[in-house]
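Chemist: Could you have a look at this structure, given as structure tokens, before my questions?
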Amino acid sequence: MADDHAFLAELEALLDQRLRDRPEGSYVTRLTDRGARRVAQKVGEEGLECALAVATGDREEAREEAADLLFHLMLALRQVDLRLADIVAVLAQRHRDR
């Protein structure tokens, strides 16, 4: 699990780098050039695709769509200056408050 978290940190750092440097041809650059609304729309699309895969019991498709959802969610969070650690902190606080 620690390696999983390490990869998410690497991915978050890569997103930050792409957002900062805006490399030509980068998916992150192309998507964010279309604005935060388009990034948010991708989160919705991927969320729906993931939910439908779960609803139909398609484990592999759910796994793939969940990966797309997490990627786009991480990118969307950067649009409002949030990181996964901020979300984890909310979840941890909710758990402590139970």
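Chemist: If you take the residues in region 33-82 that are part of a helix (DSSP H, G or I) and of a type in the set (Lys, Arg), which one is farthest from the chain's Cα centre (by Cα)? It would help to see each step written out before you state the result.
Modeler: Of the residues in region 33-82, the ones part of a helix (DSSP H, G or I) are 33, 36-55, 59-79.
Now drop any that are not of a type in the set (Lys, Arg), which leaves 37-38, 42, 59, 63, 78.
Details: ARG37: 15, ARG38: 14, LYS42: 10, ARG59: 19, ARG63: 14, ARG78: 9 Å.
Among those residues, the one meeting the criterion is ARG59.
Chemist: Still on this structure, please answer the following. Out of everything in region 9-34 that is among the aliphatic types (A, V, I, L, M) and within 15 Å of ALA76 (Cβ to Cβ), what residue ends up being surrounded by the most Cβ atoms within 10 Å (Cβ to Cβ)?
Modeler: Restricting to residues being among the aliphatic types (A, V, I, L, M) and within 15 Å of ALA76 (Cβ to Cβ), the top hit is VAL28.
Chemist: OK, next. Do you know which of the residues in region 41-73 that are out of contact with any helix residue (DSSP H, G or I) (no Cβ under 6 Å at 6 or more places or on another chain) and hydrophobic (A, V, I, L, M, F, W, C) is nearest to LEU14 (Cα to Cα)?
Modeler: Within region 41-73, the first condition is being out of contact with any helix residue (DSSP H, G or I) (no Cβ under 6 Å at 6 or more places or on another chain), and the residues that meet it are 41, 44-45, 48, 51-52, 55-60, 63-64, 67, 70-71.
Subsequent filtering for residues that are hydrophobic (A, V, I, L, M, F, W, C) retains 48, 51-52, 55, 67, 70-71.
On the way: LEU48: 25, ALA51: 27, LEU52: 29, ALA55: 32, ALA67: 16, LEU70: 14, PHE71: 11 Å.
Filtering first and then ranking leaves PHE71.
Chemist: Name the residues in region 15-32 that are touching an Asp or Glu at 6+ places or on another chain (Cβ under 9 Å) and not in a helix (DSSP H, G or I), would you? So that I can check it myself, show each step before the final result.
Modeler: If we filter region 15-32 for residues that are touching an Asp or Glu at 6+ places or on another chain (Cβ under 9 Å), which is where we start, we get 22, 29.
Within region 15-32, ARG22 is the sole residue that qualifies.
A short reminder: the numbers here are calculations on the coordinates, not readings from a lab. Since the structure is predicted, the reported quantities are computational estimates derived from the model, not experimental observations. Don't worry about glycine lacking a Cβ; one is built from the backbone with ideal geometry, like all the others, and counts go over all protein chains shown.
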